[in-house]
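To start, the structure itself, in structure tokens.
The values are calculated or read from the model by the stated rules, or taken from the named source; none is laboratory data. Fair warning: this is a prediction, and the values are worked out from it, not measured in the lab. Every residue, glycine as well, gets a Cβ built from its backbone with ideal geometry; the counts of neighbours run over all protein chains shown.
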Amino acid sequence: MLVKILTFGVASSYYGLLKQSDRQAIAKYFKISDKLLKQILKNLTTIRNVAAHSDRLYNYTSKFYLSFKLIDKNYIKSDNITNLYMVVRCMEKLLTKEQYKELYNSICEETRKLEEKLKSVEINNITKIMGFPMNNN
């Protein structure tokens, strides 16, 4: 019941305060490490705050580095920056397949709508800044 009244940021902070064995049990449910879940929660909290305060989200980069090789062994990136694409892919670990598919399709639809409105820049430039591979627009 307490979780229903907590903000996402507070819930994320509480996760970090749990005993390691409790954090590991929660992370095991998602089939990821405690460390990765903690980093995902920190990034999601930051993204939530950026979006809630109407700041620019498309060029999001985080100081909370995600070791992406733990998430997607096929995705190769040339820097150590956690970007929007990486956080979206992390959601694949936390959501059901149906929920993730709905999220991904929603992002694709919003990207398509944006592409129709763009006049001065190509959508590939925007998705590249977000970290999305060129073939996943």
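Quick test of your reading of the structure: L70 fulfils all but one of (1) modelled with pLDDT of 85 or more; (2) surrounded by 12 or more Cβ atoms within 10 Å (Cβ to Cβ); (3) among the hydrophobic types (A, V, I, L, M, F, W, C). Name the failing condition by number.
(1)
Only residues that are assigned to a loop (DSSP other than H, G, I, E, B) and touching a residue at least 40 places away in the same chain (Cβ under 8 Å): list them for the range 110-135, please.
Those that are assigned to a loop (DSSP other than H, G, I, E, B) and touching a residue at least 40 places away in the same chain (Cβ under 8 Å): G131, F132, P133.
Check I107 against each of (1) in a helix (DSSP H, G or I); (2) loosely packed, with under 15 Cβ neighbours inside 10 Å; (3) among the hydrophobic types (A, V, I, L, M, F, W, C) and name the one condition it does not meet.
(2)
Which of the residues that make up the range 1-31 are modelled with pLDDT of 90 or more, surrounded by 11 or more Cβ atoms within 10 Å (Cβ to Cβ) and in a loop (DSSP other than H, G, I, E, B)?
L18, F30
Report the residue count in the range 82-104 for those that are assigned to a loop (DSSP other than H, G, I, E, B) and exposed (fewer than 15 other Cβ atoms within 10 Å of the Cβ).
Number of matching residues: 1.
Under 6 Å between Cβ atoms, which residue pairs at least 6 apart in sequence (or on different chains) link something in the range 34-54 that is surrounded by 13 or more Cβ atoms within 10 Å (Cβ to Cβ) with a partner that is assigned to a helix (DSSP H, G or I) and aromatic (F, W, Y)?
So the pair list comes out as L41/Y15; T45/F8; R48/F8.
Regarding the range 44-67, can at least one residue be identified that is out of contact with any Ser or Thr (no Cβ under 6 Å at 6 or more places or on another chain), of a type in the set (V, I, T), in a loop (DSSP other than H, G, I, E, B) and at pLDDT below 90?
no
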